[in-house]
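As C-alpha cells, the structure follows; a few thoughts come after it.
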Amino acid sequence: MGYELSIIREDKSKKIRKREWSEYIKSDSQFEPIEEFSVKHKESETLTVSIPNAELWKSDKGEIPFTFHEKYGEITVKNPDNWIIEKMI
C-alpha cells in the first residue's frame, strides 16, 4: 500500500503541457529521461516497470522516477519521502 503525490495547476483548465515539462527537465541536470524503472525485489529478483513520459531524478539520496501524465497535465511521484516532496515544491 502507498500513495501518490501529484503536481497540478490550481486552475485545472490550464494543464501542465508536455513542452513545459520537457523545458523544465532540460533546465535541471539532475533529471534524465527513462522509459522503464527497475528495483531490487528480494535479494535475487529485479522488478522492471515500463513508465513512458518519465524522468529519473538522480540525487545524492537516491534515484526517483517522476512521471508526466499528458492527459491530465500532471506530474506524479509514488510514495515520496520528505526530501522528494521538497524537490516537488
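Quick note: the coordinates plus some simple rules give every number you see, no bench work behind them. If you're wondering where the values come from, they're calculated on a predicted model, not measured in any experiment. Note that we place each Cβ from the backbone using ideal geometry, even for glycine, and neighbour counts take in every protein chain shown.
Per the helix-only calculation at 222 nm, which mean residue ellipticity applies to the chain, given -39500 (n - 2.57) for every DSSP H run of n ≥ 4 and division by its residues, nearest 500 deg cm²/dmol? Show your work: numbers first, answer last.
Details: 2 runs with 17 residues, N = 89.
Result for the chain: -5500 deg cm²/dmol, rounded to the nearest 500.
Find the percent of Cα-Cα distances in the chain that exceed 15 Å, and round it to a whole number. Mind dumping the intermediate values first?
Values: 2468 of 3916 pairs.
When all Cα pairs of the chain are counted, 63 percent exceed 15 Å.
With +1 on the Cβ of every Lys and Arg and -1 on the Cβ of every Asp and Glu, and nothing else charged, how large is the dipole of the range 4-88 about its Cα centre, in debye rounded to the nearest 20?
Numbers: 15 positive and 18 negative charges, 72 e Å.
Rounded to the nearest 20 debye, it is 340 debye.
Out of the chain, which chymotrypsin sites (Phe, Trp or Tyr not before Pro) are coil in DSSP terms and have no more than 16 other C-beta atoms within 10 Å?
Numbers: sites: Y3, W21, Y24, F31, F37, W57, F66, F68, Y72, W83; in loops: Y3, Y72.
Passing sites in the chain are Y3, Y72.
Net charge around G73, counting only other residues with Cβ within less than 10 Å of its Cβ (Lys, Arg = +1; Asp, Glu = -1)? Display every interim value, and only then the final one.
Numbers: positive: R9, K12, K14, K15, R17, K18, K71; negative: E20, E70, E74.
Charge balance near G73 sits at +4.
Compute the angle between helix 18-27 and the longest alpha-carbon principal axis of the chain, please, reported from 0 to 90 degrees and rounded to the nearest 10.
That works out to roughly 60 degrees.
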